[in-house]
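What follows draws every value from the coordinates through simple rules; no lab data is involved. As the structure is a prediction and not an experimental result, all values here were calculated from the model. All Cβ positions, glycine included, derive from the backbone under ideal geometry; neighbour counts span all protein chains shown.
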Amino acid sequence: MTAPISATVVLADSDVARALKRMAHEILERNKGPDRLVLMGIRTRGIPLARRLARQISEIEAVEVAAGSLDVTLYRDDYARTGPRPLGQTSFPAEVDGKVVVLVDDVLYTGRTIRAAMDAVMDYGRPQAIQLAVLVDRGHRELPIRADYVGKNLPTSSEQEVRVHLAESDGVDEVVVATAPASAASATTPLATAAGPTRPTSPATARRRA
């Protein structure tokens with residue numbers, strides 16, 4: 001019988017809420033208000049996160065902030081190798097010329113998804129700046145990309161999986177780090193900063209490579 005993967009909760013629902021509220025304030029402070037902001041959520045879980053951030057900013061400033069969705073499938077550098085995939089919707093809620101586009105994603109990993117997202121935005125228009133907001137930065141960058149706003153920096157090994165669950169798609173807000181048992185993973189490094197309840201979970205979810 002295969003041993004279950006150990007999953008440790010590193011952000012609970014209240015932690016996610018606090019992180020997003022802080023990030024909303026940081027976005028406003030850096031950009032001196034909401035006037036030029038366009039938030040673009042990267043499919044899949046970046047989309048609800050962008051909407052939440054836009055709602056937080058709107059509540060703080062009492063003005064509506066635009067939030068859209070971005071599918072980067074056609075811009076990925078592995079598209080020719082992996083072949084066609086189902087396409088999601090890309091929706092820009094406003095013109096981006098001269099605006100500050102804030103890309104929003106759940107996990108920053110190698111940086112390749114973010115590079116693809118920047119290409120997609122530049123195909124649509126010429127923003128004044130592109131910034132990046134992520135709920136989790138897990139390290140292991142393969143491209144020189146850095147987030148401007150981070151909910152939590154989470155040192156991990158490459159063998160670990162970071163799973164973001166959101167109420168909109170999963171029924172709960174949480175971030176878990178999954179570690180395979182020693183017999184199933186070579187040189188797995190324990191997560192130094194993980195804290196919280198540990199529970200078994202299915203090994204079916206693939207490792208994120210965002």
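Across region 148-162, what is the number of residues that are surrounded by fewer than 20 Cβ atoms within 10 Å (Cβ to Cβ) and either free of Cβ contacts under 8 Å to residues at least 60 places away in the same chain or within 12 Å of the chain's Cα centre (by Cα) (or both)?
Filtering region 148-162 down to residues surrounded by fewer than 20 Cβ atoms within 10 Å (Cβ to Cβ) leaves 148, 150, 152-153, 155, 157-159.
Adding the requirement that they be either free of Cβ contacts under 8 Å to residues at least 60 places away in the same chain or within 12 Å of the chain's Cα centre (by Cα) (or both) leaves 150, 152-153, 155, 157-159.
Number of matching residues: 7.
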* If we scan region 70-84, do we find a residue that is out of contact with any strand residue (DSSP E or B) (no Cβ under 9 Å at 6 or more places or on another chain), exposed (fewer than 15 other Cβ atoms within 10 Å of the Cβ) and of a type in the set (S, T, N, Q)? -> yes
* To do: Please go through region 1-25 and pick out each residue that is farther than 20 Å from residue 108 by Cα and either under 15 Å from the mean Cα position of the chain (by Cα) or part of a helix (DSSP H, G or I) (or both).
  => 14, 25
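Considering only region 138-183, give the strands (runs of 3 or more DSSP E) lying wholly within it that have at least 1 residues that are touching a Ser or Thr at 6+ places or on another chain (Cβ under 8 Å) and either farther than 22 Å from residue 13 by Cβ or among the β-branched types (Val, Ile, Thr) (or both). Reasoning before the result, please.
Details: elements: 149-153, 161-165, 174-179.
Result: 161-165, 174-179.
Has region 44-58 got any residue that is loosely packed, with under 14 Cβ neighbours inside 10 Å and among the small types (Gly, Ala, Ser)? Steps first, please.
Within region 44-58, the subset loosely packed, with under 14 Cβ neighbours inside 10 Å is none.
Within region 44-58 (the criterion being loosely packed, with under 14 Cβ neighbours inside 10 Å and among the small types (Gly, Ala, Ser)), the answer is no, since none of the residues qualifies.
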* Of all residues in region 168-177 being surrounded by fewer than 21 Cβ atoms within 10 Å (Cβ to Cβ), touching a residue at least 24 places away in the same chain (Cβ under 8 Å) and not charged (D, E, K, R), the one that is nearest to residue 41 (Cα to Cα) -> 169
* Do we find that residue 144 is out of contact with any helix residue (DSSP H, G or I) (no Cβ under 6 Å at 6 or more places or on another chain) and touching a residue at least 60 places away in the same chain (Cβ under 8 Å) in this structure? -> no
